[in-house]
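The values are calculated or read from the model by the stated rules, or taken from the named source; none is laboratory data. Because the structure is predicted, anything quoted here is derived from the model rather than measured. Cβ sites come from the backbone with ideal geometry, for glycine too, and all protein chains shown count toward neighbours. Ligands, DNA and RNA are excluded from the accessible area calculation, which covers all protein heavy atoms including side chains. Shrake-Rupley method; radii C 1.70, N 1.55, O 1.52, S 1.80 Å.
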Amino acid sequence: MDGLDLNLLVALDALLDTNSVTKAAERLGTSTPAMSRTLARLRRTLDDPLLVRAGRNLVPTPRALELRYEVSALVERGRALLDIRAEADPAGLRRGFTVQADDMVRTHLAAPLLAAVRRRAPGVTVHFLPDGHDGTVGLREGRADIAVGVLERSDPEITVQRVLGDRLVGVAAPDHPLITERVTVAAYAAAAHLAISRQGRSRGPIDDRLALHGRTRRVVAIVPDLSTALLAVRSGELVCPAPARLAGDALHAMGLRAFDIPLPLPEVTVGMAWHPRNTADSGHRWLRETIRALLAPQDRSETE
(Lines give C-alpha, C1' and ligand atoms only; values in the text may rest on other atoms or scores of the structure.)
Protein backbone atom coordinates (compact mmCIF):
# COMPACT_ATOMS: atom_id res chain seq x y z
CA MET A 1 0.00 0.00 0.00
CA ASP A 2 2.83 2.36 -0.88
CA GLY A 3 1.63 5.92 -1.24
CA LEU A 4 -1.60 5.34 0.68
CA ASP A 5 -2.54 8.30 2.85
CA LEU A 6 -2.66 6.89 6.37
CA ASN A 7 -5.80 8.93 7.01
CA LEU A 8 -7.54 6.71 4.46
CA LEU A 9 -6.95 3.57 6.50
CA VAL A 10 -9.81 4.38 8.86
CA ALA A 11 -12.15 4.96 5.92
CA LEU A 12 -10.97 1.76 4.23
CA ASP A 13 -11.53 -0.18 7.45
CA ALA A 14 -15.10 1.15 7.73
CA LEU A 15 -15.85 0.35 4.07
CA LEU A 16 -14.49 -3.18 4.27
CA ASP A 17 -16.26 -3.85 7.56
CA THR A 18 -19.69 -2.59 6.47
CA ASN A 19 -19.58 -3.28 2.69
CA SER A 20 -21.60 -0.07 2.45
CA VAL A 21 -20.73 3.50 1.51
CA THR A 22 -23.72 4.81 3.46
CA LYS A 23 -22.98 2.84 6.65
CA ALA A 24 -19.28 3.69 6.49
CA ALA A 25 -20.17 7.38 6.17
CA GLU A 26 -22.48 7.17 9.19
CA ARG A 27 -19.79 5.44 11.25
CA LEU A 28 -17.24 8.13 10.49
CA GLY A 29 -19.66 11.04 10.76
CA THR A 30 -19.30 12.18 7.16
CA SER A 31 -21.63 12.43 4.16
CA THR A 32 -22.35 9.66 1.67
CA PRO A 33 -20.99 11.71 -1.31
CA ALA A 34 -17.76 12.37 0.63
CA MET A 35 -17.38 8.64 1.37
CA SER A 36 -18.04 7.85 -2.29
CA ARG A 37 -15.18 10.16 -3.26
CA THR A 38 -12.97 8.46 -0.65
CA LEU A 39 -13.83 5.05 -2.11
CA ALA A 40 -12.93 6.31 -5.57
CA ARG A 41 -9.59 7.54 -4.26
CA LEU A 42 -8.93 4.20 -2.59
CA ARG A 43 -9.72 2.37 -5.82
CA ARG A 44 -7.21 4.50 -7.72
CA THR A 45 -4.54 4.12 -5.06
CA LEU A 46 -4.91 0.36 -4.68
CA ASP A 47 -5.73 -0.28 -8.35
CA ASP A 48 -8.68 -2.43 -7.36
CA PRO A 49 -12.47 -1.77 -7.25
CA LEU A 50 -12.57 -3.09 -3.65
CA LEU A 51 -16.38 -3.08 -3.47
CA VAL A 52 -18.50 -4.01 -6.49
CA ARG A 53 -22.21 -3.97 -7.09
CA ALA A 54 -24.10 -7.28 -6.70
CA GLY A 55 -27.78 -6.53 -7.01
CA ARG A 56 -28.66 -3.91 -4.41
CA ASN A 57 -25.58 -4.59 -2.30
CA LEU A 58 -21.81 -4.11 -2.52
CA VAL A 59 -19.55 -7.11 -2.15
CA PRO A 60 -15.78 -7.14 -1.55
CA THR A 61 -13.34 -8.17 -4.23
CA PRO A 62 -10.71 -10.85 -3.49
CA ARG A 63 -8.18 -8.06 -2.96
CA ALA A 64 -10.51 -6.41 -0.44
CA LEU A 65 -10.89 -9.68 1.43
CA GLU A 66 -7.11 -9.98 1.62
CA LEU A 67 -6.82 -6.47 3.02
CA ARG A 68 -9.69 -6.60 5.52
CA TYR A 69 -7.87 -8.20 8.46
CA GLU A 70 -4.60 -6.34 7.88
CA VAL A 71 -6.31 -2.95 7.67
CA SER A 72 -8.45 -3.62 10.74
CA ALA A 73 -5.38 -4.61 12.75
CA LEU A 74 -3.48 -1.49 11.64
CA VAL A 75 -6.34 0.81 12.61
CA GLU A 76 -6.75 -0.89 15.98
CA ARG A 77 -3.03 -0.56 16.70
CA GLY A 78 -3.15 3.11 15.76
CA ARG A 79 -6.07 3.76 18.08
CA ALA A 80 -4.33 1.96 20.95
CA LEU A 81 -1.19 4.01 20.34
CA LEU A 82 -3.06 7.32 20.49
CA ASP A 83 -5.47 6.47 23.31
CA ILE A 84 -4.75 8.08 26.70
CA ARG A 85 -3.08 5.44 28.84
CA ALA A 86 -4.99 4.11 31.80
CA GLU A 87 -3.85 5.13 35.24
CA ALA A 88 -1.18 2.87 36.68
CA ASP A 89 -2.08 0.26 39.28
CA PRO A 90 0.67 0.85 41.87
CA ALA A 91 0.47 -2.75 43.04
CA GLY A 92 1.35 -3.92 39.52
CA LEU A 93 4.35 -1.63 38.98
CA ARG A 94 7.71 -3.38 38.62
CA ARG A 95 10.26 -0.66 38.12
CA GLY A 96 12.70 1.69 39.78
CA PHE A 97 12.55 5.47 40.17
CA THR A 98 15.46 7.81 40.78
CA VAL A 99 14.56 10.84 42.88
CA GLN A 100 17.00 13.74 43.04
CA ALA A 101 16.39 15.84 46.14
CA ASP A 102 18.21 18.25 48.41
CA ASP A 103 18.90 17.15 51.95
CA MET A 104 16.08 19.05 53.66
CA VAL A 105 13.51 17.46 51.34
CA ARG A 106 15.06 14.00 51.64
CA THR A 107 14.92 14.25 55.43
CA HIS A 108 11.24 15.12 55.31
CA LEU A 109 10.21 12.91 52.38
CA ALA A 110 12.27 9.72 52.46
CA ALA A 111 10.57 7.85 55.30
CA PRO A 112 6.92 8.51 54.31
CA LEU A 113 7.63 7.94 50.61
CA LEU A 114 9.32 4.60 51.25
CA ALA A 115 6.45 3.61 53.55
CA ALA A 116 3.92 4.52 50.84
CA VAL A 117 5.88 2.56 48.24
CA ARG A 118 6.12 -0.54 50.44
CA ARG A 119 2.41 -0.35 51.23
CA ARG A 120 1.01 0.45 47.78
CA ALA A 121 3.71 -0.47 45.26
CA PRO A 122 5.93 -3.22 46.68
CA GLY A 123 7.45 -3.87 43.25
CA VAL A 124 8.92 -0.36 43.08
CA THR A 125 12.39 0.60 44.24
CA VAL A 126 13.44 4.18 44.95
CA HIS A 127 16.98 5.47 44.47
CA PHE A 128 17.63 8.83 46.11
CA LEU A 129 20.31 11.06 44.62
CA PRO A 130 21.68 14.23 46.23
CA ASP A 131 20.82 17.52 44.64
CA GLY A 132 23.86 18.12 42.45
CA HIS A 133 25.49 21.19 40.97
CA ASP A 134 24.32 20.26 37.45
CA GLY A 135 20.78 21.47 38.15
CA THR A 136 18.32 19.64 35.90
CA VAL A 137 20.89 18.08 33.55
CA GLY A 138 20.25 14.71 35.19
CA LEU A 139 16.57 14.95 34.25
CA ARG A 140 17.37 15.79 30.65
CA GLU A 141 19.89 12.96 30.34
CA GLY A 142 17.67 10.40 32.08
CA ARG A 143 19.87 9.90 35.14
CA ALA A 144 17.02 11.10 37.38
CA ASP A 145 13.26 10.65 36.96
CA ILE A 146 12.21 13.55 39.15
CA ALA A 147 13.85 16.35 41.12
CA VAL A 148 12.31 17.67 44.34
CA GLY A 149 13.47 20.66 46.32
CA VAL A 150 14.05 24.38 46.17
CA LEU A 151 14.28 24.65 42.40
CA GLU A 152 15.91 27.98 41.71
CA ARG A 153 16.27 27.67 37.95
CA SER A 154 15.63 25.15 35.23
CA ASP A 155 16.18 24.43 31.57
CA PRO A 156 13.35 25.66 29.33
CA GLU A 157 12.57 22.08 28.26
CA ILE A 158 12.06 20.86 31.85
CA THR A 159 8.58 20.81 33.43
CA VAL A 160 8.52 22.49 36.85
CA GLN A 161 5.59 22.43 39.24
CA ARG A 162 5.23 24.21 42.57
CA VAL A 163 4.35 21.88 45.44
CA LEU A 164 4.35 24.06 48.53
CA GLY A 165 5.59 27.29 50.05
CA ASP A 166 7.47 27.22 53.34
CA ARG A 167 8.71 30.00 55.60
CA LEU A 168 12.17 30.49 57.04
CA VAL A 169 12.60 30.30 60.80
CA GLY A 170 15.67 30.54 62.98
CA VAL A 171 17.00 27.39 64.66
CA ALA A 172 18.97 27.24 67.89
CA ALA A 173 19.62 25.04 70.92
CA PRO A 174 16.91 25.15 73.63
CA ASP A 175 19.02 27.28 75.99
CA HIS A 176 20.13 29.82 73.39
CA PRO A 177 19.16 33.44 74.24
CA LEU A 178 17.15 33.71 71.00
CA ILE A 179 14.97 30.91 72.35
CA THR A 180 14.77 31.97 75.99
CA GLU A 181 14.53 35.72 75.44
CA ARG A 182 12.67 38.12 73.17
CA VAL A 183 14.05 38.12 69.61
CA THR A 184 14.85 41.57 68.27
CA VAL A 185 16.53 42.53 65.00
CA ALA A 186 19.58 43.67 66.98
CA ALA A 187 19.80 40.44 68.97
CA TYR A 188 19.32 38.32 65.87
CA ALA A 189 21.99 40.20 63.91
CA ALA A 190 24.47 39.89 66.79
CA ALA A 191 24.19 36.10 67.04
CA ALA A 192 26.82 33.72 65.60
CA HIS A 193 25.31 32.57 62.31
CA LEU A 194 25.77 29.56 60.08
CA ALA A 195 25.04 30.21 56.42
CA ILE A 196 23.80 27.36 54.23
CA SER A 197 24.84 27.41 50.57
CA ARG A 198 25.89 24.74 48.11
CA GLN A 199 27.80 27.42 46.21
CA GLY A 200 29.57 28.70 49.33
CA ARG A 201 27.79 32.06 49.37
CA SER A 202 27.55 33.79 52.73
CA ARG A 203 25.04 36.45 51.67
CA GLY A 204 21.35 35.94 50.98
CA PRO A 205 17.85 37.36 51.59
CA ILE A 206 18.45 37.59 55.35
CA ASP A 207 21.40 39.91 54.79
CA ASP A 208 19.40 42.05 52.36
CA ARG A 209 16.64 42.52 54.94
CA LEU A 210 19.11 43.26 57.76
CA ALA A 211 20.76 45.89 55.56
CA LEU A 212 17.46 47.77 55.46
CA HIS A 213 17.81 48.08 59.23
CA GLY A 214 21.42 49.18 58.90
CA ARG A 215 22.70 45.92 60.34
CA THR A 216 24.82 42.96 59.28
CA ARG A 217 25.02 39.49 60.75
CA ARG A 218 28.17 37.69 61.80
CA VAL A 219 28.52 34.56 59.67
CA VAL A 220 31.08 32.32 61.35
CA ALA A 221 30.84 29.41 58.89
CA ILE A 222 29.25 28.32 55.63
CA VAL A 223 28.04 24.75 55.20
CA PRO A 224 26.62 23.09 52.06
CA ASP A 225 23.46 21.55 53.51
CA LEU A 226 20.91 21.84 56.27
CA SER A 227 21.81 18.55 57.97
CA THR A 228 25.35 19.74 58.62
CA ALA A 229 24.05 23.07 59.89
CA LEU A 230 21.63 21.48 62.36
CA LEU A 231 24.32 19.21 63.78
CA ALA A 232 26.57 22.24 64.28
CA VAL A 233 23.77 24.24 65.91
CA ARG A 234 23.43 21.53 68.56
CA SER A 235 26.66 22.88 70.06
CA GLY A 236 24.57 25.62 71.65
CA GLU A 237 26.19 28.83 70.38
CA LEU A 238 25.21 29.00 66.73
CA VAL A 239 21.98 29.74 64.88
CA CYS A 240 20.92 28.93 61.32
CA PRO A 241 17.84 29.40 59.15
CA ALA A 242 15.61 26.48 58.16
CA PRO A 243 12.28 25.93 56.40
CA ALA A 244 9.74 25.53 59.19
CA ARG A 245 7.65 22.79 57.69
CA LEU A 246 10.32 20.68 56.04
CA ALA A 247 12.72 20.84 58.99
CA GLY A 248 10.10 20.30 61.69
CA ASP A 249 10.67 16.57 62.18
CA ALA A 250 14.46 16.96 62.17
CA LEU A 251 14.36 19.74 64.76
CA HIS A 252 12.23 17.63 67.07
CA ALA A 253 14.46 14.57 66.65
CA MET A 254 17.62 16.59 67.35
CA GLY A 255 16.22 18.48 70.31
CA LEU A 256 16.46 21.87 68.61
CA ARG A 257 14.02 24.77 68.79
CA ALA A 258 12.72 27.22 66.23
CA PHE A 259 12.13 30.94 66.62
CA ASP A 260 10.59 33.56 64.38
CA ILE A 261 13.13 35.65 62.49
CA PRO A 262 12.06 39.31 63.04
CA LEU A 263 12.35 40.13 59.34
CA PRO A 264 9.97 39.87 56.37
CA LEU A 265 11.61 37.09 54.36
CA PRO A 266 10.60 35.60 50.99
CA GLU A 267 8.82 32.28 50.79
CA VAL A 268 10.86 29.12 50.33
CA THR A 269 9.26 27.53 47.27
CA VAL A 270 9.53 23.76 46.99
CA GLY A 271 8.75 22.18 43.64
CA MET A 272 9.05 19.12 41.46
CA ALA A 273 10.76 18.98 38.09
CA TRP A 274 10.84 16.30 35.41
CA HIS A 275 11.49 15.92 31.71
CA PRO A 276 8.33 16.16 29.55
CA ARG A 277 8.96 12.69 28.13
CA ASN A 278 7.69 11.36 31.49
CA THR A 279 4.58 13.53 31.79
CA ALA A 280 2.16 11.01 30.27
CA ASP A 281 3.78 7.96 31.86
CA SER A 282 1.22 6.57 34.31
CA GLY A 283 3.80 5.17 36.73
CA HIS A 284 5.66 8.47 36.83
CA ARG A 285 2.37 10.29 37.37
CA TRP A 286 1.65 8.04 40.36
CA LEU A 287 5.06 8.90 41.82
CA ARG A 288 4.45 12.64 41.34
CA GLU A 289 1.02 12.50 42.93
CA THR A 290 2.37 10.47 45.85
CA ILE A 291 5.20 12.94 46.49
CA ARG A 292 2.82 15.89 46.25
CA ALA A 293 0.37 14.28 48.69
CA LEU A 294 3.17 13.62 51.18
CA LEU A 295 4.72 17.08 50.96
CA ALA A 296 1.47 19.05 50.73
CA PRO A 297 -1.31 16.83 52.11
CA GLN A 298 -3.80 19.70 52.28
CA ASP A 299 -3.67 20.09 48.47
CA ARG A 300 -3.76 16.79 46.63
CA SER A 301 -4.77 18.29 43.29
CA GLU A 302 -2.35 18.29 40.38
CA THR A 303 -2.58 20.39 37.30
CA GLU A 304 -0.31 19.79 34.32
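Points to keep in mind about this one:
- Taking 1.002 mPa s as the viscosity and 20 °C as the temperature, the Stokes-Einstein diffusion coefficient of the chain based on its alpha-carbon Kirkwood radius rounds to 88 µm²/s.
- For the chain, the solvent-accessible area works out to 55 Å² per residue, with a probe of 1.4 Å and every protein chain left in place.
- Förster radius 30 Å - calculated FRET efficiency between residue 277 and residue 120 (Cβ-Cβ, nearest 0.05): 0.80
- Heavy-atom accessible surface of residue 31, to the nearest 10 Å², is about 50 Å², with a 1.4 Å probe and all protein chains retained.
- Solvent-accessible surface (1.4 Å probe) assigned to residue 254 amounts to roughly 40 Å².
- Working note: Karplus 6.51/-1.76/1.60 with θ = phi - 60° gives segment 136-143 the couplings 9, 4, x, 5, 5, 8, x, 7 Hz, where Gly and Pro are set to x.
- Per residue of the chain, the DSSP helices (runs of n ≥ 4 H) give a summed -39500 (n - 2.57) that works out to -13000 deg cm²/dmol at 222 nm.
- Segment 7-106 - percent relative contact order, Cα under 8 Å, separation 6 or more: 24
- Residues 18, 216, sorted by accessible area with the largest first, give 216, 18 [1.4 Å probe; ligands and nucleic acids excluded].
- The chain - percent of accessible surface contributed by carbon and sulfur, probe 1.4 Å: 51
- Note on residue 59 and residue 216: the model spin-label points, each 7 Å out from Cα along the C-beta direction, lie 9.9 nm apart.
- Legend: calculated FRET efficiency, residue 127 to residue 253, from the Cβ-Cβ distance at R0 = 22 Å, rounded to 0.05, equals 0.35.
- The DSSP beta bridges internal to the chain are antiparallel in roughly 55% of cases.
- Prolate/oblate/rounded label for segment 10-59 (Cα gyration tensor, a/c 1.5): oblate
- Selection of trypsin sites (Lys or Arg not before Pro), segment 194-239, meeting DSSP coil and at most 16 other Cβ within 10 Å: 198, 201, 203, 215, 234
- Rg/Rh for segment 155-304 stands at 1.05; both radii use Cα atoms, and Rh follows the Kirkwood definition.
- Placing unit charges on the Cβ atoms of the charged side chains and taking the dipole of segment 125-247 about its Cα centre, the candidate lying farthest along the positive direction among 229, 247, 169 is 169.
- Between the residues 180, 291, 25, the greatest Cα displacement towards the positive end of the dipole of the chain, with unit charges on the Cβ of Lys, Arg, Asp and Glu, is found for 25.
- Positive minus negative residues near residue 265 (Lys, Arg vs Asp, Glu; Cβ under 15 Å): +1
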